[in-house]
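Presented below is the structure to which this report refers.
The values are calculated or read from the model by the stated rules, or taken from the named source; none is laboratory data. As the structure is a prediction and not an experimental result, all values here were calculated from the model. Because the Cβ atoms are built from the backbone with ideal geometry, glycine has one as well, and the counts that use them run over all protein chains shown.
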């Protein structure tokens, strides 16, 4: 019997970034689902039950910060690993994300998709 594939939800409104990370994670053996905003992302989480969420901050309808806060308030999603993937690299944003309970924080421009996948893999393996 083979182990189930780890599941990742990519919550990001930039289609090019979504496709790039979808391909990277699917090629690495993950089951991938995506949403383009926080509201749709929360609905996806309920149905998909991912092991990890790759979460952008700047999105329409509901920001990534609001989505992270909502996730951490819900008992059935508070233990899901959340990796914030954003271009907001300032110290204030990093501190806020950490305080809100994100498991990792990555500035998009500073990492390749392979490096992001490696960081996510370490989180999943540690679970």
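Going through 54, 123, 68 one at a time, which residue ends up being crowded, with 19+ Cβ neighbours inside 10 Å and either farther than 12 Å from residue 10 by Cβ or modelled with pLDDT under 95 (or both)? So that I can check it myself, show each step before the final result.
Values: 54 fails: either farther than 12 Å from residue 10 by Cβ or modelled with pLDDT under 95 (or both); 123 fails: crowded, with 19+ Cβ neighbours inside 10 Å.
Matching residue, one of 54, 123, 68: 68.
Would it be correct to say that residue 3 is buried (at least 22 other Cβ atoms within 10 Å of the Cβ) and either closer than 26 Å to residue 93 by Cα or without any contact (Cβ under 8 Å) to a residue 12 or more places away in the chain (or both)? So that I can check it myself, show each step before the final result.
Details: buried (at least 22 other Cβ atoms within 10 Å of the Cβ): no; either closer than 26 Å to residue 93 by Cα or without any contact (Cβ under 8 Å) to a residue 12 or more places away in the chain (or both): yes.
Spelling it out, it is not the case that residue 3 is buried (at least 22 other Cβ atoms within 10 Å of the Cβ) and either closer than 26 Å to residue 93 by Cα or without any contact (Cβ under 8 Å) to a residue 12 or more places away in the chain (or both).
Going through region 15-34 one residue at a time, which ones are within 19 Å of residue 60 (Cβ to Cβ), surrounded by fewer than 18 Cβ atoms within 10 Å (Cβ to Cβ) and out of contact with any helix residue (DSSP H, G or I) (no Cβ under 9 Å at 6 or more places or on another chain)?
Scanning region 15-34 gives 15, 16, 19.
Name the residue that is surrounded by the fewest Cβ atoms within 10 Å (Cβ to Cβ), counting only residues in region 110-120 that are without any contact (Cβ under 8 Å) to a residue 24 or more places away in the chain and within 16 Å of the chain's Cα centre (by Cα).
Let us first name the residues in region 110-120 that are without any contact (Cβ under 8 Å) to a residue 24 or more places away in the chain, namely 110-112, 115, 118.
From what's left, within 16 Å of the chain's Cα centre (by Cα): 111-112, 115, 118.
Details: 111: 14, 112: 9, 115: 11, 118: 12.
Out of the qualifying residues, it is 112.
Of all residues in region 82-101 being crowded, with 18+ Cβ neighbours inside 10 Å and modelled with pLDDT under 95, which is farthest from residue 17 (Cα to Cα)?
97
Could you check residue 73 against (1) loosely packed, with under 12 Cβ neighbours inside 10 Å; (2) closer than 23 Å to residue 126 by Cβ and say which number it fails?
Every condition holds for residue 73 apart from (2).
Among the residues of region 35-50, how many are more than 23 Å from residue 115 (Cα to Cα), in contact with a helix residue (DSSP H, G or I) (Cβ under 9 Å, 6 or more places away or on another chain) and assigned to a loop (DSSP other than H, G, I, E, B)?
So the answer is 1.
Can you confirm whether region 36-47 contains a residue that is touching a residue at least 60 places away in the same chain (Cβ under 8 Å), under 14 Å from the mean Cα position of the chain (by Cα) and under 19 Å from residue 105 (Cα atoms)?
First, pick out the residues of region 36-47 that are touching a residue at least 60 places away in the same chain (Cβ under 8 Å): none.
No, there is no match, as no residue in region 36-47 is touching a residue at least 60 places away in the same chain (Cβ under 8 Å), under 14 Å from the mean Cα position of the chain (by Cα) and under 19 Å from residue 105 (Cα atoms).
Give the residues of region 1-34 that are under 12 Å from the mean Cα position of the chain (by Cα) and part of a strand (DSSP E or B), sorted by residue number.
7, 8, 9, 10, 11, 32, 33, 34
Report yes if some residue within region 93-101 is in contact with a helix residue (DSSP H, G or I) (Cβ under 8 Å, 6 or more places away or on another chain) and free of Cβ contacts under 8 Å to residues at least 24 places away in the same chain; otherwise report no.
Looking only at region 93-101, we keep the residues that are in contact with a helix residue (DSSP H, G or I) (Cβ under 8 Å, 6 or more places away or on another chain), and these are 96-97, 100-101.
Keeping just the survivors that are free of Cβ contacts under 8 Å to residues at least 24 places away in the same chain gives none.
There is no residue in region 93-101 that is in contact with a helix residue (DSSP H, G or I) (Cβ under 8 Å, 6 or more places away or on another chain) and free of Cβ contacts under 8 Å to residues at least 24 places away in the same chain.
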